[in-house]
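J.: Quick one: this structure, given as structure tokens, is what I'll be asking you about.
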Amino acid sequence: NPPWPALPRLNIKKGGVSTAGFSNGADFAHQLHITYSSVIDATCVFAGQPFHCAATRFPDDHLVEAIPASSVPTCVGCPSGKTLIYDHCKAHPEWVDIGALPDYPRRVCDGRGLNTSVCMDHTDNLSDDRVFLFRGTQDRCYKPGSVENVQHLYSMFLEKPEAQIRMVNTVGYAHAFPRNKTKIPGKKHGYDGAGECLRWIYPGGIKPAVDFKRKNIYNYNQDEFMQAISGVGINGRGHLYIPDACSPPTKAAGANADATTALHKTKPCRLVILAAGCNGFGGWIENFAKYAESNDIVLLQPCVGGYVDPFRYPGAHEIKRGMLDVYGQLSRDYTMKSAPHMKF
């Protein structure tokens, strides 16, 4: 692989950091928001399941034998030798005990004597955040009630959930990211998922989308964040979209000018972290890029799809498929800051 450059320093506006994702990426965008709630203030979840739900046993769950190659190697509350049905929160949302969902993020750090630097931020940080949720009415992957359970979880953390959460679950899409060019069955138009998301999480006006500029797509080196951790599916590079208005200064003015001073003189921009596995900078990511260019929003796309050690992680089936860890396939503490996919 080429020696990808380091992630550049950018002037990011305080309170302007959010996450967004679709399907497995939506699970992860939601996971990042809860864990890093002191720095992330909003999220857009396009078909996602609740935080830590995939590895939590509820009273109505049906259990199966736990084997080394199980897709659910982590189960909180399961007896020895047993584990959960894969994707129980997506396929059987009626089994989920909604009232129990906040328990893990609220209690796990103190209960195990872990500080926020390795565990997760306090859920009080979520109280004033904004949340956009979407599930197509024809989605057979995330069954009715699955994304609504994410809504219920946030409702227990937010100060005024009816004013801070927008739930869209009446649009006739199957399991796909909603875009203008993808017609709703029986309609002559699509649904602008990226635009609706950004208008909700950044109230006060989002300018219309424009053509994004391919010259503003950059690769950066992800290895610097992994502290020599290998075999966990992390790609060597990630993607970054930097609008013209947000570009860092290439050279500070004057022979002895301070680079930090020059950086702070650039326009403060917002940041959206796009959880999308990584098949290149394209697809639904481009819908966000069109708004990013006209609204001074930097897009950060961390990438997985790298080598997975089959001996250390025999059950990491989804990680081998280029997905992000929302099942505990790499670590029992997969939602914590110390987990492999939460570091980069």
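The values are calculated or read from the model by the stated rules, or taken from the named source; none is laboratory data. Keep in mind that this is a model prediction, so the values were computed, not measured. Here the Cβ positions follow ideal geometry from the backbone for every residue, glycine too, while neighbour counts run over all protein chains shown. Note: areas computed on protein heavy atoms with side chains; ligands, DNA, RNA excluded. Shrake-Rupley method; radii C 1.70, N 1.55, O 1.52, S 1.80 Å.
J.: Output the number of the condition that Thr116 fails; it satisfies all remaining conditions of (1) over 18 Å from Val45 (Cβ atoms); (2) not in a loop (DSSP other than H, G, I, E, B).
T.: The single condition Thr116 does not satisfy is (2).
J.: So which residues in segment 270-315 are part of a strand (DSSP E or B) and of a type outside the set (A, V, I, L, M, F, W, C), if there are any at all?
T.: Result: Arg270, Gln301, Gly305, Gly306, Tyr307.
J.: Kindly evaluate Gln49 against the criterion of being closer than 23 Å to His341 by Cβ, modelled with pLDDT of 95 or more, of a type outside the set (A, V, I, L, M) and outside any loop (DSSP other than H, G, I, E, B).
T.: No; evaluated as a whole, the condition is false for this residue.
J.: How about segment 130-233: which helices (runs of 4 or more DSSP H) wholly inside it have at least 2 residues that are closer than 15 Å to Cys44 by Cβ and in contact (Cβ under 8 Å) with a residue 24 or more places away in the chain?
T.: 146-155, 193-201
J.: Kindly list the number of the only condition in (1) under 19 Å from Ala47 (Cα atoms); (2) surrounded by fewer than 19 Cβ atoms within 10 Å (Cβ to Cβ) that fails for His317.
T.: Condition not satisfied by His317: (1).
J.: Whether any residue in segment 113-136 is open to solvent by 50 Å² or more (accessible area, probe 1.4 Å) and of a type in the set (Phe, Trp, Tyr) is what I want to check.
T.: Step one: of segment 113-136, the residues open to solvent by 50 Å² or more (accessible area, probe 1.4 Å) are 113-118, 122, 124-125, 128, 130.
Those left that are additionally of a type in the set (Phe, Trp, Tyr): none.
No, segment 113-136 contains no residue that is open to solvent by 50 Å² or more (accessible area, probe 1.4 Å) and of a type in the set (Phe, Trp, Tyr).
J.: May I ask you to list pairs of residues, at least six apart or on different chains, whose Cβ atoms are under 6 Å apart, with the first in segment 290-304 being farther than 23 Å from Lys181 by Cα and of a type in the set (Val, Ile, Thr) and the second being open to solvent by 10 Å² or more (accessible area, probe 1.4 Å) and modelled with pLDDT of 95 or more?
T.: Hits for this filter: Val298/Leu271.
J.: Within segment 38-55, can you find the residues that are buried (at least 24 other Cβ atoms within 10 Å of the Cβ) and hydroxyl-bearing (Ser, Thr, Tyr)?
T.: Residue satisfying the conditions is Thr43 alone.
J.: Only one of (1) under 22 Å from the mean Cα position of the chain (by Cα); (2) surrounded by fewer than 16 Cβ atoms within 10 Å (Cβ to Cβ) is not met by Thr35, so which one is it?
T.: (2)
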